[in-house]
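Please read the structure below before turning to the comments.
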Amino acid sequence: MELQLKVWKDLAISKQVLMRAATDALKLDPNCSQEELKSALDNAIKRYIDADISVSKAQEQAKVAISTMEKKVADSEKARNIAEAARAETLAQQQKIEQQIAAERVNTANEVKKVKERMAESERALKAINAALADTPENVLKKMKALKKEKMDEADARKEVVAANAALRKDMQKLEQRIKDMQAAQDNAAKLAAQYRELHAVCTDLHAQLKPLVEDAKSLAAVPPLNTVMLEGIEKVDAEEEKKTGTKGKR
């Protein structure tokens, strides 16, 4: 019995604590009646349910708004990409058109230049025709004769130049032949000079050998003196020629 009383007492205390907590939470008078507490609790539960419903609705609305915004952003991004592609294509077309315009300008300038040149040539030809038509027949004949004479003079001058060149070539050939002959003569002179020196040396040696063998040495013919000036002149010319040509003459 005491245990039951204690349990009931604890339950009563717990109930009082819960009611006090509920009244505090609901901002009610702690001494309010059960009906007032129940009504306040029902209202609080209803407000909670309504708030939960409102939150759910707000979440759904937020989801819809976010989805709509994402779709708008995607559409905006797509539109931006399309706009950028269109802009790039427009710029490319503009550059292509500008290049075509520049090329057309160059072609047009060239065509204008050609037309001007043809017009100038036509004007020169027309002036020449007018000048020719303005001349009298006598003047035309004189000019034709003068032109014919000028061409004949040019032909005669060319013939003279050809003849002069031919004569010059012949003279050059003769001169080259004379140079070759002179070089050959110089080589022969150098050989003869060397042989003359050798012969004079032999004669001088023989004369010296014959003197003791004859009774009268004075009766022997004297060996002519060696003309060293002439020999040295020949040898000098030969040495200079060898120096020029870089080859040694044949002896």
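The values are calculated or read from the model by the stated rules, or taken from the named source; none is laboratory data. The model shown is predicted, which means the values in this text are computed figures rather than measured ones. Note that we place each Cβ from the backbone using ideal geometry, even for glycine, and neighbour counts take in every protein chain shown.
Worth pointing out:
- Being modelled with pLDDT of 75 or more and of a type outside the set (Asp, Glu) is a description that applies to Ala193.
- There is no residue in region 237-244 that is exposed (fewer than 10 other Cβ atoms within 10 Å of the Cβ), basic (Lys, Arg) and in contact (Cβ under 8 Å) with a residue 12 or more places away in the chain.
- Selected residue [within 52 Å of the chain's Cα centre (by Cα), modelled with pLDDT under 85 and surrounded by 10 or more Cβ atoms within 10 Å (Cβ to Cβ)] from Leu141, Leu126: Leu126
- The C-beta contact set for region 195-221 (first residue of a type in the set (S, T, N, Q), second residue surrounded by 11 or more Cβ atoms within 10 Å (Cβ to Cβ), distance under 7 angstrom, 6+ apart or interchain) comprises Thr204/Val223.
- Test result for Glu160, at pLDDT 85 or above, part of a helix (DSSP H, G or I), over 30 Å from Val229 (Cβ atoms) and in the same structural domain as Leu231 (by TED's automatic domain parsing): yes
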